Each structure stands twice: as C-alpha cells, then as structure tokens.
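Asks: I'd like to ask some things about the structure below.
The values are calculated or read from the model by the stated rules, or taken from the named source; none is laboratory data. Predicted model only: the values in this text are computed from it and were never measured. Cβ coordinates were reconstructed from backbone atoms using ideal geometry, including for glycine residues, and neighbour counts include every protein chain displayed.
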Amino acid sequence: MNGAQVILQFLESKGVEHVFGYPGGSVLVLYDEIHKAEFPHILTRHEQGAAHAAEGYAKATGKVGVCIATSGPGATNLVTGLADANLDSVPVLAIAGNAATTAIGTDAFQEADINGITLPITKNNYLVKRADDLLPIFEEAWALTTEGRPGPVLVCVPKDVLAAQVSPSATKAAAAMFLRHRPPMRRSAEAVKEVVEVLSKAQRPLLMAGGGIVHSPGAAALLRRLVATASLPVMTTLMGKGAISEDDPSCLGMCGMHGFPQANIALGKCDVLLAVGTRFSDRVTGDPKHFNAKKRFIIHVDIDPAEIGKSVKTDIQVEDDAADFFEHLLAEMARQGFKPSWSAWNQELAALTAKYRARLAKMAENRADAQPRGEGWDREGAGKLSPKFVIRQLAARTASSEPIVVTDVGQHQMFAAQHFPVHSPRHWITSGGLGTMGFGLPAAVGAAVACPDKLVLLFVGDGGFQMTMQELGVIQDLRLNLKVVVMDNACLGMVRQWQELFYSQRYSESLLMSNPDFVMVAQAYGIPAGRAANPQELAAQFDAALSTDGPYLVHAVLDGNENVYPIIPPGKQSTDMIIPGEE
C-alpha cells in the first residue's frame with residue numbers, strides 16, 4: 001500500500017463515517033485513493049468550513065471529527081477551526097498536506113510551516129517524514145484527540161509520503177511504538193470524603209456545571225442524580241448548557257456576562273462553589289482578583305490539571321473526569337448517609353428564578369416602540385421583530401422534537417442561550433472560548449450530517465453568515481434537515497452594543513447597511529427561503545420551514561436597536577449586572 005491507502009485504511013478501522021475536506025495539489029494522491037475506495041467524503045466550500053463541520057460533527061456525537069486540507073493556504077485555512085476546537089475541547093483530527101520532504105524549507109510552492117503555526121492551538125501535531133511511520137503516528141494522534149481533555153491534533157503528511165510505498169512489516173507493527181507512557185491520572189476517591197464534609201457544613205452551596213460534563217460520557221446523567229439526591233442548586237456555563245435540563249427545578253440557568261440574574265446572584269452569595277468541568281473563563285469570573293476576594297470555598301474538578309488554579313485560587317483541587325468524580329461523590333454521600341439541609345437557600349433561589357424568568361419572558365414580547373440609539377443608526381424598512389421573540393417562537397414550535405440548536409457568535413448567540421431551553425447534552429452547539437464568527441453554518445452542517453434523523457436549527461447573524469455562507473452549497477448538495485434563521489439587524493450586534501454602552505454611541509465600522517437579499521442568496525443555491533419582518537410573516541415562515549423536507553432559510557429582519565441584557569460590564573463581578581428597570 002502507499003501512504004494514502006494506509007491513511008484511509010486507518011480511518012476505516014476507527015469507524016470514521018464522514019470526512020470533511022477540500023482537495024489541492026499536495027493531497028491529490030490521497031484524493032485519488034478516496035475516489036477509488038469511494039470513501040465517505042464531504043466537499044465543503046472552504047477549508048475553514050471543513051474544520052468547523054468536523055467540530056459540529058464531534059460536538060453532536062462525541063466522536064472524533066476528521067478534516068482534510070492541502071498544503072499552504074489550505075492548511076492555514078484550518079487554523080481558526082483548530083483554535084476554536086482547542087479552546088472548546090473538541091476532538092478533531094486534521095490531516096494537512098505539505099510539499100515533498102526534499103522541498104520542505106525551500107519556500108516551495110504552497111509551502112507553509114503548519115506545524116509551527118498550529119503548535120499553540122493543538123494538543124499536538126506531527127510532520128510525517130517516512131511512510132513507515134504513518135500508522136503509529138496516526139494511532140497516537142487519534143488517541144490524543146480523546147485522551148484526557150479532548151482537543152484537536154494535526155498530522156502533516158508531505159505529498160511524497162502519501163505516494164510512497166509502505167513496507168508490509170510497518171503496517172503490522174504495534175501501533176504503541178510511538179505512544180508515550182503517561183502516568184495514571186489521580187482519581188477522585190481520595191478527595192470526595194473531604195468534599196462531602198465541606199458540603200455538609202455549607203449553608204449556601206452551588207454547583208457550576210461546565211462543558212466538561214457534556215464531553216464526559218455519562219456525566220450528565222450522574223449530575224442529574226446528584227442534584228436530585230442532594231437538592232443541590234446548579235447553574236451552567238455557556239458550554240455546559242444542556243448538561244442538566246433547564247426545566248429541572250434545581251437549575252438556575254446560565255451564569256456569566258449575559259447569564260441569568262438568579263444564577264449570577266447565587267454565584268455572588270454562595271459560600272461553597274463546586275465547579276466541575278469548567279476553566280473559569282473571564283466571561284464567568286470577571287476580574288479574577290475580585291472573584292478570588294469573595295469569601296467562598298471553591299472546589300475545582302477538571303480533567304486538565306493545567307486549568308486548576310490557572311485563573312482562580314481554589315481550596316480543593318481534583319484532577320479527574322466529571323463522570324468519575326460524580327460516581328465517587330454519590331457513593332461517598334450514600335456511605336455517609338448525607339442529608340442536605342438547604343431548604344431556605346433553595347427557596348430563596350426558587351423565588352429569584354420565578355421572578356427573573358417572568359421578567360425575561362416579558363422582555364421577549366415583540367414590541368414596535370423601540371427608538372433609534374444614535375445618529376445615523378436607524379434604517380428604512382427595518383423590521384420590528386425582537387430577536388428574543390424570534391427565538392422563543394421557534395423554541396415553542398419545536399419543543400416536542402428536541403432539536404439540536406447551533407449558533408454563530410454575537411448578540412443572537414446570547415439571546416439563544418437565554419431564550420431557547422435545552423434539556424439534553426450535545427443539543428447545544430456554539431463557539432465559546434474563541435467566539436468565532438462564521439462558525440455557525442459549517443458547524444450546523446457537521447451536526448446535521450452526524451444526526452440525520454434530528455432537526456437541526458441554526459441561528460446566525462447577518463455578519464457571521466456572510467463569513468461562511470458559501471457552505472449553503474453543501475447543505476443543498478446533501479439536502480440536510482437544517483433550518484437556518486438569519487438574524488438580520490444590519491449591524492455587528494455585539495460590537496454595536498458595546499459601542500453604545502461603553503464608547504458613547506460611536507458606531508465605528510459596525511453597521512452593515514448594504515446587506516444582500518438573503519432570500520435570493522439561498523434561492524441561488526437552490527434552497528427554499530422566505531423573509532419575515534413582523535410577527536405574522538414570522539409565523540408563516542416558520543410554518544413553511546418546519547413543513548419543508550430538507551433545508552430552509554428564514555431571513556428574519558430585526559429591530560436592530562435591541563441589546564442583550566443582563567450584562568456584566570467588563571472587569572466587574574456577577575452582582576454588578578446591568579438589568580433594565582432595576583437599580
């Protein structure tokens with residue numbers, strides 16, 4: 001076999017069902033073998049789209065997402081997706097071509113040092129110099145994507161290595177020859193007794209559920225058992241949304257810069273914080289110095305020891321997988337006959353939750369009385385649809401089907417996080433750590449490919465949509481069961497909001513006054529679409545979208561004056577929220 005055949009045989013052995021990619025000169029040998037083998041490959045319209053689609057596939061399934069790009073610009077176009085996957089702990093295997101080994105370092109055509117470029121944004125990367133090393137390197141790379149904290153790994157394969165013959169002995173060699181010997185991870189057994197002792201003395205405990213619970217197989221179910229057993233109030237981070245049903249009476253919803261008031265108030269008042277599978281992002285902590293100054297006892301559980309103590313000083317540190325921790329904690333609680341006594345705290349939080357959920361619903365009512373927020377901002381023909389109203393209407397119509405909800409980045413992302421309830425893990429897919437505009441559409445492609453029997457909904461802003469809207473071609477090619485809602489407020493909404501609140505309404509380069517007709521864009525790709533600028537048109541378009549087999553695009557023309565509230569100003573704390581109508 002040649003090197004390309006070895007790679008395909010390896011992917012087949014791992015049960016890879018879909019690969020996302022884009023061909024080019026240095027990987028033509030690989031693509032020739034893909035053609036011969038009829039290997040399941042999906043042609044995206046851009047290499048960044050391939051990386052994000054692999055992310056969406058991995059986030060929806062928990063399996064490794066695989067993408068392929070050629071050398072030089074093809075490989076560098078993967079960078080944003082790899083950086084995004086790295087921050088959000090997404091298992092992605094990227095295969096990049098390169099110039100021939102004899103030409104590397106000579107500035108050959110389409111040569112770029114992709115290994116040097118991606119070193120800070122991958123768990124590891126490899127440059128394969130001998131065909132006989134392909135199999136062991138790919139085995140190690142595959143293991144690394146899911147070992148410990150998941151993440152992206154890149155394997156760079158020069159074009160002569162793809163074409164070279166691999167010796168029979170190399171294909172039979174033990175794949176472990178390259179695998180490093182890693183010490184076993186410290187488990188939870190030694191820590192849970194102390195954790196239970198601390199919880200037993202707590203008056204106002206709180207559990208922060210991060211994305212690590214979504215990534216860890218079985219952890220979400222164990223979390224729900226823990227919450228039911230201990231009557232423990234829980235809030236989620238943006239990436240932890242779906243770890244617990246948002247209908248659960250113990251769930252306070254999302255915390256952080258645009259989190260629910262009840263969650264942020266609880267974070268400010270708790271005396272014991274049990275944080276599991278979260279890295280204490282600045283969007284949650286604000287200024288870490290002030291966060292650390294709070295008189296609360298912090299227990300931090302994370303699979304990545306590099307995250308423990310990185311931003312927030314903690315009192316108990318547990319380096320472990322979320323599911324393993326919850327299993328040990330539940331067992332220790334049962335052994336000790338643990339009986340919580342937090343009824344007053346739970347009643348206080350329940351009252352706050354009822355108050356602010358009602359207020360949030362009131363804020364989402366569609367209204368036509370918004371006023372322009374600065375000279376030169378209002379536009380003729382603007383819709384009077386509230387973005388919150390749009391999201392809630394679609395959430396109500398699709399509640400029984402429990403769709404996979406995908407977002408791009410910006411105001412609509414935060415509105416969706418606030419107003420679209422998610423009840424199961426891997427049903428909320430968004431870009432958290434990197435905040436990548438353009439993520440949404442290709443990630444939704446990956447999710448729809450991964451889960452063909454599920455309804456996939458995408459909320460994407462007019463700015464982010466125009467960054468990767470060429471992936472509409474993939475959606476039409478595959479007739480994916482994907483409904484796209486373009487949230488058109490004719491601006492870069494979150495940038496515009498910050499300019500309004502913190503830069504005296506100086507809207508510098510944030511207004512998109514020349515947007516295309518998004519309905520015509522969709523129709524040019526052969527995708528049915530319609531426009532909605534008021535509640536009646538919106539209802540008709542959602543009816544059409546949900547009754548159409550395959551893809552549909554709704555162009556929702558919004559009142560562009562709306563801001564996302566609550567908001568915690570940068571550097572402030574969870575109790576410093578700005579909430580309209582509340583001092």
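Asks: Quick one: which helices (runs of 4 or more DSSP H) lie wholly within the range 265-375 and hold at least 2 residues that are among the acidic types (Asp, Glu)?
Replies: Values: elements: 282-285, 288-293, 322-336, 343-363.
Qualifying helices (runs of 4 or more DSSP H): 322-336.
Asks: Is it the case that some residue within the range 47-55 is among the polar types (S, T, N, Q), in contact with a strand residue (DSSP E or B) (Cβ under 6 Å, 6 or more places away or on another chain) and either buried (at least 20 other Cβ atoms within 10 Å of the Cβ) or part of a helix (DSSP H, G or I) (or both)?
Replies: Restricting attention to the range 47-55, the residues satisfying the condition of being among the polar types (S, T, N, Q) are 48.
Checking which are in contact with a strand residue (DSSP E or B) (Cβ under 6 Å, 6 or more places away or on another chain) leaves us with none.
Scanning the range 47-55, I find no residue that is among the polar types (S, T, N, Q), in contact with a strand residue (DSSP E or B) (Cβ under 6 Å, 6 or more places away or on another chain) and either buried (at least 20 other Cβ atoms within 10 Å of the Cβ) or part of a helix (DSSP H, G or I) (or both), so the answer is no.
Asks: Restricting to the range 271-323, count the residues that are surrounded by fewer than 16 Cβ atoms within 10 Å (Cβ to Cβ) and either basic (Lys, Arg) or assigned by TED's automatic domain parsing to the domain that holds LEU144 (or both).
Replies: 4
Asks: Any idea which of PRO570, PRO566 is modelled with pLDDT of 90 or more and either in contact with a strand residue (DSSP E or B) (Cβ under 7 Å, 6 or more places away or on another chain) or under 30 Å from ALA293 (Cα atoms) (or both)? Before you say what the answer is, go through the steps one by one.
Replies: Working: PRO570 fails: modelled with pLDDT of 90 or more.
After applying the criteria, what remains is PRO566.
Asks: I need the full set of residues from the range 549-577 which are surrounded by 15 or more Cβ atoms within 10 Å (Cβ to Cβ) and of a type in the set (Val, Ile, Thr), in order please.
Replies: Scanning the range 549-577 gives VAL554, VAL557, VAL564, ILE567, ILE568.
Asks: Then there's this: Among the residues of the range 4-45, write down those that are over 23 Å from VAL166 (Cβ atoms), crowded, with 20+ Cβ neighbours inside 10 Å, touching a residue at least 60 places away in the same chain (Cβ under 8 Å) and in contact with a helix residue (DSSP H, G or I) (Cβ under 6 Å, 6 or more places away or on another chain).
Replies: PHE20, THR44
Asks: Given the criterion without any contact (Cβ under 8 Å) to a residue 24 or more places away in the chain and at negative phi, identify the matching residue among ALA417, ALA444, ALA396, ALA450. Don't jump to the end; show me each part of the working.
Replies: Values: ALA417 fails: without any contact (Cβ under 8 Å) to a residue 24 or more places away in the chain; ALA444 fails: without any contact (Cβ under 8 Å) to a residue 24 or more places away in the chain; ALA450 fails: without any contact (Cβ under 8 Å) to a residue 24 or more places away in the chain.
None of the others qualify; the one that does is ALA396.
Asks: For CYS255, only one of the following conditions fails: (1) closer than 16 Å to TRP342 by Cβ; (2) in contact with a strand residue (DSSP E or B) (Cβ under 9 Å, 6 or more places away or on another chain). What is its number?
Replies: Result: CYS255 passes all but (1).
Asks: Report whether or not THR145 is under 24 Å from the mean Cα position of the chain (by Cα), assigned by TED's automatic domain parsing to the domain that holds ALA51 and either more than 17 Å from GLY74 (Cα to Cα) or in contact (Cβ under 8 Å) with a residue 40 or more places away in the chain (or both). Write out each step before concluding.
Replies: Details: under 24 Å from the mean Cα position of the chain (by Cα): yes; assigned by TED's automatic domain parsing to the domain that holds ALA51: yes; either more than 17 Å from GLY74 (Cα to Cα) or in contact (Cβ under 8 Å) with a residue 40 or more places away in the chain (or both): yes.
Here the answer is yes, as THR145 does meet what is asked.
Asks: Have a look at GLY259, GLY210, GLY253, GLY242 and point out the one that is surrounded by 21 or more Cβ atoms within 10 Å (Cβ to Cβ), touching a residue at least 12 places away in the same chain (Cβ under 8 Å) and closer than 19 Å to ASP304 by Cβ.
Replies: Values: GLY259 fails: closer than 19 Å to ASP304 by Cβ; GLY253 fails: closer than 19 Å to ASP304 by Cβ; GLY242 fails: closer than 19 Å to ASP304 by Cβ.
Every option except GLY210 fails the conditions.
Asks: Considering only residues that are buried (at least 19 other Cβ atoms within 10 Å of the Cβ) and assigned to a loop (DSSP other than H, G, I, E, B), which ones fall in the range 78-103?
Replies: Answer for the range 78-103, where residues must be buried (at least 19 other Cβ atoms within 10 Å of the Cβ) and assigned to a loop (DSSP other than H, G, I, E, B): LEU78, ASP88, SER89, VAL90, PRO91, ALA99.
Asks: Considering only the range 108-120, I want to know if a residue exists there that is crowded, with 22+ Cβ neighbours inside 10 Å and either at pLDDT below 95 or not in a helix (DSSP H, G or I) (or both). So that I can check it myself, show each step before the final result.
Replies: Just the residues of the range 108-120 that are crowded, with 22+ Cβ neighbours inside 10 Å, to begin with: 114, 118.
With either at pLDDT below 95 or not in a helix (DSSP H, G or I) (or both) added as a condition, the list becomes none.
Checking the range 108-120: not a single residue is crowded, with 22+ Cβ neighbours inside 10 Å and either at pLDDT below 95 or not in a helix (DSSP H, G or I) (or both).
Asks: Ok, one more. In the range 59-74, is there at least one residue being in contact with a Leu (Cβ under 9 Å, 6 or more places away or on another chain), buried (at least 18 other Cβ atoms within 10 Å of the Cβ) and in a helix (DSSP H, G or I)? It would help to see each step written out before you state the result.
Replies: Applying the first criterion (in contact with a Leu (Cβ under 9 Å, 6 or more places away or on another chain)) to the range 59-74 yields 64-70.
With the extra rule that they be buried (at least 18 other Cβ atoms within 10 Å of the Cβ), the set shrinks to 64-70.
Next cut, in a helix (DSSP H, G or I) only: none.
Among the residues of the range 59-74, not one is in contact with a Leu (Cβ under 9 Å, 6 or more places away or on another chain), buried (at least 18 other Cβ atoms within 10 Å of the Cβ) and in a helix (DSSP H, G or I), which makes the answer no.
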